[in-house]
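Single-structure report; data block below.
The values are calculated or read from the model by the stated rules, or taken from the named source; none is laboratory data. Fair warning: this is a prediction, and the values are worked out from it, not measured in the lab. All Cβ positions, even for glycine, are placed from backbone atoms using ideal geometry, and neighbour counts span all protein chains on display. The protein model used for the area step is the full one, side chains on, heavy atoms only, and it has no ligands, DNA or RNA in it. Shrake-Rupley method; radii C 1.70, N 1.55, O 1.52, S 1.80 Å.
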2 protein chains.
Amino acid sequence: MSETLRAKGPIVERVPEGDTRARLVCEDCGFIRYENPKIVVGAVCAWEDRVLLCRRAIVPRRGYWTIPAGYLELNESPAAGAAREAREEAEAEIAIDALLAVYAVPRISQVQLIYRARLISPAVKPGIESEDAALFGWDAIPWRELAFPSVHWALDDFRATAGLAAFAPRGNPPGATGDRMPDGGAAWRRE
Amino acid sequence: MSETLRAKGPIVERVPEGDTRARLVCEDCGFIRYENPKIVVGAVCAWEDRVLLCRRAIVPRRGYWTIPAGYLELNESPAAGAAREAREEAEAEIAIDALLAVYAVPRISQVQLIYRARLISPAVKPGIESEDAALFGWDAIPWRELAFPSVHWALDDFRATAGLAAFAPRGNPPGATGDRMPDGGAAWRRE
C-alpha cells in the first residue's frame, strides 16, 4: 500500500481517460489516488428502557455525549464494526437487532450505518476514548450536550421505531444535512 | 489532499498512540494514512415486470451482466450515487423506492448499498462503461453470466421483497462472503 503515499512524480489533478471527475494522478506512473466517502458504524444500545451514551474523551466534541460509533475498519462488516465500537467505547457487548438508519453527511463525505441493539448486560464502563459511559432513560438524555446531529437523529429514530420488528431504515430528517444541531447550534465545532 | 501522496519521510506500519491497529505513518511528520472500506451504491431498476441489466465494457468481468452500481463519490449521498450510476451505465433516470439490501464483502473491504428503483422510462441504452443495456423478464435473466455474486443476491432480494412496501434491508445470504458465485464459480476472476 505504501506506494500510495510515495508517488514520486508531479501530482496533478485531472480527469483520467474514461472518467468524468478530476482525480489526483501521478504524472510519472499514472497512479490514480481515488478518494471516496468513509463509513461510520454505530448503534443505539438499549438495556430495558434506557440507552447507552458515552462521553467523548477525544476531539472533536470532547466532553459531549454520543452513541458508540466510529469508522469502519478494513475487512470488517458493518455489524461487526458497530459491535466493536460498543466494546471499545463502553466495554459493552451487544446483540444487533436491526439497521435503524442510514444517514448521509455529504459535506464531510460520510455515510453512517446505525443499528438498533440490545445490551447483553447493563454493566458498561468507559473505554479509552470515553470519559464516561452510562445508561439514560429518555427524559434523562442530555439533549443539549449531544456530540453530533446524527446522535440526536438516531435517538429520535430509535424512539420512532420502538416496537417495530421489520421496518425500512430511517434517513436524515427532511432537509437536514448534518451541518447543524437540531437546536440550531453549529455541528462539528471544535473545542 | 496531495500531501497524502507525498509524505517525504520513511513510511512505517505501526500502531499510533491511543490506537489499536497498525496504520501507515510517516516517521517525519507523523501523518497517519487511514485506509477504510469503500461504499458501492447501485439499484435494481424495474420497468413493469422487467429489470435493467448492463453488460460491462470494462474490467473486471468485462462482458458479464450487472445492475448499475459503482463507487460512491465524495460529497455524494448514497441515493444520489445510485441514480448517477444508472445514468452513467444505462442513460436511465430512476425513482428510488427503498433500500433493498446492505451487503458486505469484507475480503475486499466493500460495503454495498443497493436500492430498489423504478425506471422513469423503458428507453435505456449503454453508457460509456457498458457494451449493452437491456430490460429482462425474470426468466430471461442471464443467470450464468452475471458479473458478481452480489448482482445475483440483489436480483433474488428484489424478487423476495416484491410487493413489500416497508421492509428491513436484506443482507448477504447466510454464510456468503461474496467470494464465490452462487453456482460455485470463482468471483472477481479477471479476464
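Some points to look at:
- Residue match in the stretch A:77-88 (condition: touching a helix residue (DSSP H, G or I) at 6+ places or on another chain (Cβ under 9 Å), within 14 Å of chain B (Cβ to nearest Cβ) and closer than 22 Å to B:Ile108 by Cα): yes
- Some residue of the stretch B:58-75 being in a strand (DSSP E or B), more than 26 Å from A:Pro78 (Cα to Cα) and open to solvent by 20 Å² or more (accessible area, probe 1.4 Å): no
- Pair list, Cβ under 8 Å, 6 or more apart: the stretch A:89-113 residue more than 15 Å from A:Trp47 (Cβ to Cβ) and more than 7 Å from chain B (Cβ to nearest Cβ), other residue aromatic (Phe, Trp, Tyr) and open to solvent by less than 10 Å² (accessible area, probe 1.4 Å): A:Gln112/A:Tyr103
- In the stretch B:62-76, the residues that are within 10 Å of chain A (Cβ to nearest Cβ) and touching a Pro at 6+ places or on another chain (Cβ under 7 Å): B:Leu72, B:Leu74, B:Asn75, B:Glu76
- For the stretch B:16-61, taking the residues that are within 7 Å of chain A (Cβ to nearest Cβ) and modelled with pLDDT of 95 or more, the one that is nearest to B:Asp139 (Cα to Cα) is identified as B:Ile39.
- Residue check: A:Glu129 meets all listed conditions (1) surrounded by fewer than 23 Cβ atoms within 10 Å (Cβ to Cβ); (2) among the charged types (D, E, K, R); (3) farther than 25 Å from A:Gly63 by Cβ but one, namely (3).
- Qualifying residue in the stretch A:9-25 (condition: open to solvent by less than 20 Å² (accessible area, probe 1.4 Å), outside any strand (DSSP E or B) and in contact (Cβ under 8 Å) with a residue 24 or more places away in the chain): no
- Just one of the listed residues (B:Ala134, B:Ala140, B:Ala147) is farther than 30 Å from A:Arg170 by Cβ and touching a Ser or Thr at 6+ places or on another chain (Cβ under 6 Å), namely B:Ala147.
- Filter result for B:Ala90 (among the hydrophobic types (A, V, I, L, M, F, W, C), more than 15 Å from the chain's Cα centre (by Cα) and open to solvent by 10 Å² or more (accessible area, probe 1.4 Å)): no
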